Amino acid sequence: MGKRPVKYKKHPMKGCYKMRSKSDKFRAEMLLGYEGTWLRDRMHITNAMIIDETTRISGIDWLQDKDKHYSKSKYQDTTLQAAHNLIVRSKKYAR
């Protein structure tokens, strides 16, 4: 028998997947960190994909709007969420 598709709950941020456990957050932090290069290579995720996803979620182009001062915590939250979204999508479409 085939596997059942996993249902993911949507997150309040513009079409994001909810981080369900500490391991989800740890995996997203690992993907963003320097040590996560092997994880990025394995999942075929690039830094540009993470930046594009962050821009899509927040609606702010972080690279273009450098002169405006946005909060660092908001940027970190959105990048974590973007990394988690990419991890979920890579698992979802790999089946």
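The values are calculated or read from the model by the stated rules, or taken from the named source; none is laboratory data. Just so you know, these numbers come straight off a predicted model, no measurement behind them. Here the Cβ positions follow ideal geometry from the backbone for every residue, glycine too, while neighbour counts run over all protein chains shown. Ligands, DNA and RNA are stripped out before the accessible areas are found, and what is left, the full protein with its side chains, is counted by its heavy atoms. Shrake-Rupley method; radii C 1.70, N 1.55, O 1.52, S 1.80 Å.
The residue pairs whose first member lies in region 31-54 and is among the hydroxyl-bearing types (Ser, Thr, Tyr), whose second member is buried (at least 17 other Cβ atoms within 10 Å of the Cβ), and whose beta carbons are closer than 6 Å, counting only pairs six or more residues apart or on different chains, are 54/78; 54/79; 54/82.
For region 28-39, a residue qualifies if it is open to solvent by less than 80 Å² (accessible area, probe 1.4 Å) and either of a type outside the set (Gly, Ala, Ser) or in contact with a strand residue (DSSP E or B) (Cβ under 8 Å, 6 or more places away or on another chain) (or both), and the qualifying residues are 30, 31, 32, 37, 39.
So in region 40-53, with the set limited to residues that are surrounded by 11 or more Cβ atoms within 10 Å (Cβ to Cβ) and at pLDDT 85 or above, which one is farthest from residue 18 (Cα to Cα)? Looking at residues that are surrounded by 11 or more Cβ atoms within 10 Å (Cβ to Cβ) and at pLDDT 85 or above, I get 46. Which one is modelled with the highest pLDDT among residues in region 1-39 that are part of a helix (DSSP H, G or I) and of a type in the set (Ser, Thr, Tyr)? This residue is 23.
The set of residues in region 56-95 that are of a type in the set (Ser, Thr, Tyr) and either outside any helix (DSSP H, G or I) or modelled with pLDDT of 75 or more (or both) comprises 58, 70, 71, 73, 75, 78, 79, 90.
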